[in-house]
């Protein structure tokens, strides 16, 4: 059979991360590649107890079909949580549950993007957001981004010259892949620019709760007076990713359209996953759990930075994130990180080359380091090896 | 904010079923509306035990990210099951796990459909398949369908005259909404026509295992010599829908494209859901469980048909399905089922009017009756009431 695939298939390509992750399933590999949480911190006993209670108390509902919007008590919890930590003003009806926040990206593309529309993003940006949006035939314009966020003047200029700008996609807290966070000013400025030009902002925030030091900043949404900002969130990094529960929060009229496209996409999220997370939040203190995660990741961040400082040759620079899962490494411009990866894989060390994080290509001399997934001794061992390889280049 | 939604939002509309389902959440409503399985048959105790074992034995993996393709042992089980019950020849790599088979419909649209392409379907057809495909801007041509399946001559004629036919979508076993099944001849003929014209067939089969009498027929796929047929399946009707695990099975090269679009859509299915179902299949006998479901639904089908025969006025006809969840009612042509519904809702009885099952509109004098979800006494009570209302029209 000679399949006639949709045109979009010609410009989609397999995620480099997920391909590398397949290699890294070998237990002997020291992997800085995925964005995987530390599995030893998953609250397994609590989840066992919560599953038991949900099934015993209300098993028939927990296993049956449910609404597309998602379990109302859980949506209410999310609204309250965002209001207290992110400076938003949501209620349950602002929230749609999604299969991880990845689905919220896909649905955003479906709700807003026509072929030929433009998405503005940080440079670099989250690789799987690129794939999600690209399926709807959009173009990307990378907005010049410094250590404080997108540069407002550059953003305005692009909006005024680029055609059909529909979405500004940002990750203001401990960005994937760089680990950088936006300053308060830049958040406020972005909200102002988006409102002025009536452009939808997708504010992705999977890592915001994982701050190791410094003060949490309010969301871009908190400065939004017109309803143009949508917030994405997830339980993947503060609870566990296996349950695939994330959300999108925003203007109710637009959320009704998200509900509509989710109906066609998969009807609803896993029912029992919603109930299990809700029951967990009722029975246990998630703040305590997040504190544990933060403490462990902070140590791993510290040892990662310290080891890179000691082991990486001069001319190699990297970010020192105040939270999240990732640091970003920049090599002298003549070195291609894909070549470095090839060499590292021979020594059973993996990471993700940075090129894929630039939707229009570029900066092959960069790579992303994940520090959340491995114990400290393996981090040190892996980074020493990586340092040795780098010295050869 | 004056949102500029994507063009597709102008032709998507809320599923009538899901809107009616919201009304039917009131416990006093006797609902023939949803396609809900009987919740009292969910194997809750077994699921509790299975959850406990999965979490105790391998909790960290079960709660972590996993591959987009899905848990290999479960995909292998599905391949073997289909090979033994559906006459197919699959292995694990032919299978991608999806969030219910609804997601397999959405991904099919994403992989194959460009704006303006044509999807051929039975007349009537599954309502949520219409929404899933429509999001990709396709047109529908309804192929004349009788009690034995699509009429081959009519199908060929449409293929030869319609433009850009990309997909033939069919539900050959206990169809939603009519409950009808295709004969062996028609299955073979369809496979031949699709192969000859090189058109993709999406063979949806959520109900095939729920046969009450007569002999199971091989799938259309079993007659496929070119790889053009894709099979959709789900655990929703033989286990429980809350876990949202379905699948698509087909040509490996095409499945690789499905994997690619699923990466962008939501990365992967719920990890623990995959593990729980796999463990259930290991520890318990799903055939025994399916036998229980069949026996209960058969009784409900029997009482549904018997009560309609007694209570519905002359001139009202209906199907007598040999399996599945639905019967299909046809009223004299001057009666609009939406008016009947309005009257019935006043008496706390609900069903789904048939008009929405015709993608290009039509046949408002039809409706769908679900018989799987309610105990027999409520079925009788509801149908008696429905009969009274019908007599008034």
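The values are calculated or read from the model by the stated rules, or taken from the named source; none is laboratory data. Computed from a prediction, not measured in an experiment: that's the story for all the values here. Don't worry about glycine lacking a Cβ; one is built from the backbone with ideal geometry, like all the others, and counts go over all protein chains shown.
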Subject >> Selected residue (only one of A:248, A:238 is farther than 27 Å from residue B:247 by Cα and not assigned by TED's automatic domain parsing to the domain that holds residue A:294) >> reply: A:238
**OP:** Exactly one condition in (1) closer than 28 Å to residue B:173 by Cβ; (2) in contact with a helix residue (DSSP H, G or I) (Cβ under 8 Å, 6 or more places away or on another chain); (3) assigned to a helix (DSSP H, G or I); (4) assigned by TED's automatic domain parsing to the domain that holds residue B:210 is not met by residue B:17; state its number.
**Re:** (4)
Subject >> Verdict on residue B:52 being touching a strand residue (DSSP E or B) at 6+ places or on another chain (Cβ under 9 Å) and either in a helix (DSSP H, G or I) or at pLDDT below 95 (or both) >> reply: no
Subject >> Subset of the stretch B:337-360 (residues that are part of a loop (DSSP other than H, G, I, E, B) and over 17 Å from residue B:128 (Cβ atoms)) >> reply: B:347, B:348
Subject >> Total residues in the stretch A:9-33, condition within 7 Å of another protein chain (Cβ to nearest Cβ) and in contact (Cβ under 8 Å) with a residue 40 or more places away in the chain >> reply: 2
**OP:** For the stretch B:156-168, state whether one or more residues are more than 14 Å from every other protein chain (Cβ to nearest Cβ), under 24 Å from residue B:355 (Cα atoms), touching a residue at least 40 places away in the same chain (Cβ under 8 Å) and crowded, with 23+ Cβ neighbours inside 10 Å.
**Re:** no
**OP:** Check the stretch A:230-242 and report whether any residue there is touching a residue at least 24 places away in the same chain (Cβ under 8 Å), within 21 Å of the chain's Cα centre (by Cα) and more than 30 Å from residue A:46 (Cα to Cα).
**Re:** yes
Original post:
Out of (1) under 21 Å from residue A:216 (Cβ atoms); (2) surrounded by 23 or more Cβ atoms within 10 Å (Cβ to Cβ); (3) over 18 Å from the mean Cα position of the chain (by Cα), the odd one out for residue A:183 is which?
Top reply: (2)
Original post:
So which residues in the stretch A:204-225 are at pLDDT below 95 and crowded, with 23+ Cβ neighbours inside 10 Å, if there are any at all?
Top reply: none
Subject >> Test result for residue A:70, buried (at least 22 other Cβ atoms within 10 Å of the Cβ) and more than 7 Å from chain B (Cβ to nearest Cβ) >> reply: yes
Original post:
Using beta carbons and a limit of 6 Å, which pairs, at least six apart or on different chains, have the first residue in the stretch B:97-125 and within 7 Å of chain A (Cβ to nearest Cβ) and the second one part of a strand (DSSP E or B) and modelled with pLDDT under 95?
Top reply: none
Subject >> Unmet criterion (only one of (1) within 21 Å of the chain's Cα centre (by Cα); (2) part of a loop (DSSP other than H, G, I, E, B); (3) under 26 Å from residue A:119 (Cβ atoms)) for residue A:215 >> reply: (3)
**OP:** Tell me which residues, restricted to the stretch A:346-361, are surrounded by fewer than 16 Cβ atoms within 10 Å (Cβ to Cβ) and either touching a residue at least 40 places away in the same chain (Cβ under 8 Å) or farther than 23 Å from residue A:169 by Cβ (or both).
**Re:** A:346, A:347, A:360
**OP:** Inspect all residues belonging to the stretch A:80-103 and state whether any of them is part of a helix (DSSP H, G or I), crowded, with 18+ Cβ neighbours inside 10 Å and at positive phi.
**Re:** yes
Subject >> Residues that are under 13 Å from residue A:243 (Cβ atoms) and more than 8 Å from chain A (Cβ to nearest Cβ), drawn from the stretch B:256-286 >> reply: B:274, B:275, B:276
Subject >> Residue that is part of a helix (DSSP H, G or I) and free of Cβ contacts under 8 Å to residues at least 60 places away in the same chain, where the choices are A:262, A:253 >> reply: A:253
Original post:
With (1) within 7 Å of another protein chain (Cβ to nearest Cβ); (2) touching a strand residue (DSSP E or B) at 6+ places or on another chain (Cβ under 8 Å); (3) assigned to a loop (DSSP other than H, G, I, E, B) as the list, and residue A:226 as the residue in question, which single condition is left unmet?
Top reply: (2)
Subject >> From the options A:78, A:47, residue that is within 29 Å of residue A:231 (Cβ to Cβ) and facing chain B (nearest Cβ under 7 Å) >> reply: A:47
Subject >> Filter result for the condition that a residue is surrounded by fewer than 24 Cβ atoms within 10 Å (Cβ to Cβ) and in contact with a strand residue (DSSP E or B) (Cβ under 9 Å, 6 or more places away or on another chain), over B:194, B:249, B:254 >> reply: B:254
Original post:
Any chance the stretch A:265-273 includes a residue that's farther than 30 Å from residue A:38 by Cβ, within 23 Å of the chain's Cα centre (by Cα) and either in contact (Cβ under 8 Å) with a residue 24 or more places away in the chain or assigned by TED's automatic domain parsing to the domain that holds residue A:63 (or both)?
Top reply: yes
Subject >> Where residue B:338 falls short, out of the listed (1) modelled with pLDDT of 95 or more; (2) not assigned by TED's automatic domain parsing to the domain that holds residue B:204 >> reply: (1)
Original post:
With (1) under 30 Å from residue A:62 (Cα atoms); (2) in a loop (DSSP other than H, G, I, E, B) as the list, and residue A:287 as the residue in question, which single condition is left unmet?
Top reply: (2)
Subject >> Which numbered condition residue A:36 misses (of (1) part of a loop (DSSP other than H, G, I, E, B); (2) more than 7 Å from chain B (Cβ to nearest Cβ); (3) closer than 25 Å to residue A:355 by Cβ) >> reply: (2)
